[in-house]
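A short write-up of the structure that comes next.
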Amino acid sequence: MQLYLMQHGLALSEQEDAERPLSPGGVEQIQDAAAGMKQLRLAFDLIISSPKRRAHQTAALVAEAVRYPYSDILVSDSLLPQADPKDILELLVVEPSQSHILIVGHQPCLGRFASLLLGGGGVTIENAGLSAFAYDKEKAFSTLNFLLTADQLARFRPGRASDF
């Protein structure tokens, strides 16, 4: 199973909007990241999103870029900021082992989930960054395949210079 973790893009402050949607800069940030994901030819069998508006907007923008049906995005409270990362594993139990799954959520939940996948330690996942894990659910073992910041991911967007 290939798991891709992405924190939502930059959001408005709670003072600006209590629902904290993506800011205009956050929308652009996710569009750039999603275009980079498309250039990397990433495709997903499932996209799971937190119900919070900024995460769901992020999932929708990525879905649009990679041609994943918006109506098929699975929304789960297991991705809320303070959720137990073990609840995410419970969501994955029913998914086929060859699945490619994008998980869009928040810190600290995503960082704790990444740490759980790796058996400890710390993983920093920034806004609009993307990390990929190969997860063997039978062995409960994971390998970190890559960890890209939003800026690194955006460099894959057509028309952008690549420093890689």
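The values are calculated or read from the model by the stated rules, or taken from the named source; none is laboratory data. Just so we're clear, the structure is a prediction, and the values are computed from it rather than from any experiment. Cβ coordinates were reconstructed from backbone atoms using ideal geometry, including for glycine residues, and neighbour counts include every protein chain displayed.
Name the residues in segment 93-110 that are within 21 Å of Asp136 (Cβ to Cβ) and surrounded by fewer than 19 Cβ atoms within 10 Å (Cβ to Cβ), would you?
Val93, Val94, Glu95, Pro96, Ser97, Gln98, Ser99, His100
Kindly list, by first and then second residue, each pair from a residue in segment 100-123 that is over 19 Å from Val75 (Cβ atoms) to a residue that is β-branched (Val, Ile, Thr) and buried (at least 21 other Cβ atoms within 10 Å of the Cβ), limited to pairs with Cβ atoms under 9 Å and residues at least 6 apart or on different chains.
If the second residue must be β-branched (Val, Ile, Thr) and buried (at least 21 other Cβ atoms within 10 Å of the Cβ), the pairs left are Gly111/Ile125; Ala114/Ile125; Leu116/Ile88.
Of the residues Phe141, Phe146, only one is more than 25 Å from Glu16 (Cβ to Cβ), loosely packed, with under 13 Cβ neighbours inside 10 Å and in contact with a Phe, Trp or Tyr (Cβ under 8 Å, 6 or more places away or on another chain); which?
Only one candidate qualifies: Phe141.
Yes/no matrix, rows are residues, columns are (1) aliphatic (A, V, I, L, M); (2) at pLDDT below 95; (3) farther than 21 Å from Leu22 by Cβ:
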site: Ala65; (1), (2), (3): yes, no, no
site: Asp77; (1), (2), (3): no, no, no
site: Pro96; (1), (2), (3): no, no, yes
site: Leu110; (1), (2), (3): yes, no, no
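Return only the number of the condition from (1) surrounded by fewer than 21 Cβ atoms within 10 Å (Cβ to Cβ); (2) without any contact (Cβ under 8 Å) to a residue 40 or more places away in the chain; (3) in contact with a helix residue (DSSP H, G or I) (Cβ under 8 Å, 6 or more places away or on another chain); (4) not acidic (Asp, Glu) that Ala63 does not satisfy.
It fails just one condition, (1).
Restricting attention to segment 72-85, does a residue exist that is of a type in the set (D, E, K, R) and buried (at least 22 other Cβ atoms within 10 Å of the Cβ)?
Within segment 72-85, none of the residues are of a type in the set (D, E, K, R) and buried (at least 22 other Cβ atoms within 10 Å of the Cβ).
Scan segment 40-51 and tell me whether some residue there is charged (D, E, K, R), more than 17 Å from Ala134 (Cα to Cα), surrounded by 13 or more Cβ atoms within 10 Å (Cβ to Cβ) and out of contact with any Pro (no Cβ under 6 Å at 6 or more places or on another chain).
no
With the requirement that a residue be without any contact (Cβ under 8 Å) to a residue 40 or more places away in the chain, farther than 15 Å from Val123 by Cβ and among the hydrophobic types (A, V, I, L, M, F, W, C), what does segment 139-160 give you?
Answer for segment 139-160, where residues must be without any contact (Cβ under 8 Å) to a residue 40 or more places away in the chain, farther than 15 Å from Val123 by Cβ and among the hydrophobic types (A, V, I, L, M, F, W, C): Ala140, Phe141.
Any chance segment 22-38 includes a residue that's within 17 Å of Ser99 (Cβ to Cβ) and among the β-branched types (Val, Ile, Thr)?
Looking through segment 22-38, none of the residues is within 17 Å of Ser99 (Cβ to Cβ) and among the β-branched types (Val, Ile, Thr).
Give the residues of segment 14-69 that are of a type in the set (Asp, Glu) and within 11 Å of the chain's Cα centre (by Cα), sorted by residue number.
Answer for segment 14-69, where residues must be of a type in the set (Asp, Glu) and within 11 Å of the chain's Cα centre (by Cα): there is none.
Quick check: is even one residue across segment 118-126 more than 24 Å from Gln31 (Cβ to Cβ), modelled with pLDDT under 95 and of a type in the set (A, V, I, L, M)? Steps first, answer last, please.
Narrowing segment 118-126 to residues more than 24 Å from Gln31 (Cβ to Cβ): 118-123.
Filter once more, so that each one left must be modelled with pLDDT under 95: 118-123.
Then drop every residue that is not of a type in the set (A, V, I, L, M), which leaves 118, 123.
Yes, there is a match, as at least one residue in segment 118-126 is more than 24 Å from Gln31 (Cβ to Cβ), modelled with pLDDT under 95 and of a type in the set (A, V, I, L, M).
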